[in-house]
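In what follows, a single structure is set out as structure tokens and then discussed.
The values are calculated or read from the model by the stated rules, or taken from the named source; none is laboratory data. Since the structure is predicted, the reported quantities are computational estimates derived from the model, not experimental observations. Here Cβ is always computed from backbone atoms with ideal geometry, including for glycine, and neighbour counts include all displayed protein chains. Surface areas here come from the heavy atoms of the whole protein model, side chains and all, with no ligands, DNA or RNA. Shrake-Rupley method; radii C 1.70, N 1.55, O 1.52, S 1.80 Å.
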Amino acid sequence: MLVRKAQGFALIDLIFVCGIIGLLCSIALPRLLLAQQSAGAASAIGSMRTINSAQLTFALTCGNGFYAPDLPTLGTPPPGSHEAFITSGLSTGAVINKSGYVIQMTAAPFAGAPPSCNGLAEGAGGQGFVAGADPDNGTNFRFFATNANNIIYENTSTLYATMPEIGTPLAGAPIH
């Protein structure tokens with residue numbers, strides 16, 4: 001009489017292991033998505049801080065007291081320098097998609113603005129500016145914006161369209 005020795009896994013063992021892996025994934029996936037949203041929000045806040053700093057530097061050194069009208073202008077270095085006011089990651093276009101957020105900036109042109117040192121035409125600089133970071137998907141409800149006051153505001157709906165170039169917005173809370 002021959003006795004066979006059982007080797008390997010039975011089908012029920014594989015089904016049990018797959019079930020446990022599925023259960024762990026269902027627990028971990030929502031936390032992973034929340035962590036991804038938090039990281040994107042931190043990146044958006046960092047971008048708003050970078051734009052604030054770049055606009056202040058531009059106004060003081062190159063814009064003769066006026067702000068740049070868009071992100072590509074901040075990405076243009078002044079003559080004699082190889083360093084722009086913001087990194088190339090934020091200056092490739094008027095609207096940037098970065099870390100799950102749509103980042104944009106505008107400034108209303110002021111007719112009395114002199115030309116800037118990096119090639120901005122006369123009358124193109126602004127007395128203030130608005131920058132905003134809106135999420136690019138419908139599951140994230142953290143919207144950020146800033147203006148010439150250098151305060152970053154957060155809200156559950158877009159602030160970019162209603163944010164004044166100078167002053168406090170009607171909605172939103174400052175981030176400390």
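For this structure, a couple of remarks:
- Cut-off of 10 Å, at most 16 other beta carbons, DSSP loop: longest stretch of the chain lacking such trypsin sites (Lys or Arg not before Pro): 6-176
- Between region 15-48 and region 60-139, the C-alpha centres lie 34 angstrom from each other.
- Proximity of backbone amide H atoms, modeled 1.01 Å from N, is registered between Val102 and Asp134, Asp136 at under 5 Å, excluding neighbours fewer than 5 places apart on the same chain.
- Whole-number percent relative contact order across the chain, with pairs defined as alpha carbons under 8 Å at least 6 apart: 16 percent
- Mean accessible surface per residue for region 92-176, computed with a 1.4 Å probe while every protein chain stays in place, in Å²: 48 Å²
- Sparse-neighbourhood loop sites, chymotrypsin sites (Phe, Trp or Tyr not before Pro) in region 1-72 - DSSP loop, at most 13 other Cβ within 10 angstrom: Phe9
- Taking Cα centre as origin and charging only the Cβ of basic (Lys, Arg, +1) and acidic (Asp, Glu, -1) residues, the dipole magnitude of the chain rounds to 820 debye.
- Using alpha-carbon coordinates, inclination of helix 11-61 to the longest axis of the chain, degrees: 10 degrees
- Accessible surface of the chain [probe 1.4 Å, protein heavy atoms]: carbon and sulfur percent: 63 percent
- Summing charges over neighbours of Ala145, with a neighbour being any other residue whose Cβ is under 12 Å away from its Cβ, gives -2 when K and R count +1 and D and E count -1.
- Summed over qualifying helices (DSSP H, 4 residues or more, each -39500 (n - 2.57)) and divided by its residue number, the chain shows a 222 nm mean residue ellipticity of -11000 deg cm²/dmol.
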